[in-house]
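Please read the structure below before turning to the comments.
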């Protein structure tokens, strides 16, 4: 809805590569042009600020920040977010900040984008499905940070779209209030469980010949590189399908998150218990051998 309200034909939106794929597909759906900016795998998928700057044009409407990132699990610290905000301010661009994994992080250097933005306009996107385990309840929210009122028209347009197209049920909205106001200890417990699973999967992947993996600092994904894509397997999709058919292990092809910066990679989740993950990666290792 935000992209529908924001983009006219030919407008460009800057999206991290790789990124949660609907940012790319919805930009195209509304006749816009998604432009992915580089995130550097060797630097734990941190944005390349010089590349981001080079891709700003007269047609650019917004910069998307996904922090922590899906699919890479990258977390952008205060310094990085501030650099991106400074760039947006320099070119008078709106920042769209996807923060749905905000509390699922394994390092402390995190702050909400709007907290650093001061008077720069930011639209934040969040929800309850990840941190509060309310998957399937379909409850989320948008915040409009605009101290000078410059987002009023955009906010009103999005609200009109929402009134036509969605209706979050009243019991689920009450559950969302209870989640925010209730005890938060369970979040810390969940993150500690996920940290153990993250450490296991990251170590295990880097022990498998032909695979390398940066260490995720947020969310619950790993985004390893499959080095034989392009030789043994023509594409990452071919790899994923062959692995699935032979082992029953389901990964997601990286080029689906960006055909440039996601290619040659796969995304895996580390939500299951270590025992289940061990079975899965035993199969992956056997397949690679």
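The values are calculated or read from the model by the stated rules, or taken from the named source; none is laboratory data. It should be emphasised that the depicted structure is a prediction, and the values quoted were computed from it without experimental measurement. Note that we place each Cβ from the backbone using ideal geometry, even for glycine, and neighbour counts take in every protein chain shown.
If you filter region 199-249 down to residues that are without any contact (Cβ under 8 Å) to a residue 60 or more places away in the chain and under 19 Å from the mean Cα position of the chain (by Cα), you find that the one that is surrounded by the fewest Cβ atoms within 10 Å (Cβ to Cβ) is 202.
Is it the case, given these coordinates, that residue 76 is touching a residue at least 60 places away in the same chain (Cβ under 8 Å), in contact with a strand residue (DSSP E or B) (Cβ under 8 Å, 6 or more places away or on another chain), under 26 Å from residue 131 (Cβ atoms) and in the same structural domain as residue 117 (by TED's automatic domain parsing)? Break it down stepwise before answering.
Working: touching a residue at least 60 places away in the same chain (Cβ under 8 Å): no; in contact with a strand residue (DSSP E or B) (Cβ under 8 Å, 6 or more places away or on another chain): yes; under 26 Å from residue 131 (Cβ atoms): yes; in the same structural domain as residue 117 (by TED's automatic domain parsing): yes.
So residue 76 fails the test.
Exactly one residue out of 249, 269, 284 is out of contact with any helix residue (DSSP H, G or I) (no Cβ under 6 Å at 6 or more places or on another chain) and farther than 23 Å from residue 105 by Cβ: that is 284. Here residue 88 meets each of (1) more than 15 Å from the chain's Cα centre (by Cα); (2) not in a helix (DSSP H, G or I) with one exception, condition (2). Going by the conditions given, is residue 134 surrounded by 15 or more Cβ atoms within 10 Å (Cβ to Cβ) and out of contact with any helix residue (DSSP H, G or I) (no Cβ under 8 Å at 6 or more places or on another chain)? Taking the combined requirement at face value, the residue does not satisfy it.
Say whether the condition of being in the same structural domain as residue 21 (by TED's automatic domain parsing), farther than 30 Å from residue 48 by Cβ and without any contact (Cβ under 8 Å) to a residue 12 or more places away in the chain is met by at least one residue in region 137-151. Taking every residue of region 137-151 in turn, at least one turns out to be in the same structural domain as residue 21 (by TED's automatic domain parsing), farther than 30 Å from residue 48 by Cβ and without any contact (Cβ under 8 Å) to a residue 12 or more places away in the chain. Selection of region 47-77 for residues being within 14 Å of residue 217 (Cα to Cα) and surrounded by fewer than 22 Cβ atoms within 10 Å (Cβ to Cβ) yields only 77. Within region 260-282, the presence of at least one residue that is loosely packed, with under 14 Cβ neighbours inside 10 Å and under 22 Å from residue 24 (Cβ atoms) is confirmed.
Touching a helix residue (DSSP H, G or I) at 6+ places or on another chain (Cβ under 6 Å), free of Cβ contacts under 8 Å to residues at least 60 places away in the same chain, surrounded by fewer than 17 Cβ atoms within 10 Å (Cβ to Cβ) and not in a strand (DSSP E or B), is that true of residue 111? In short, yes. From the list 160, 130, the one residue that fits, being assigned to a loop (DSSP other than H, G, I, E, B) and under 21 Å from residue 2 (Cβ atoms), is 130. Looking only at residues of region 163-177 that are in a loop (DSSP other than H, G, I, E, B) and over 24 Å from the mean Cα position of the chain (by Cα), we find that the one that is nearest to residue 128 (Cα to Cα) is 169.
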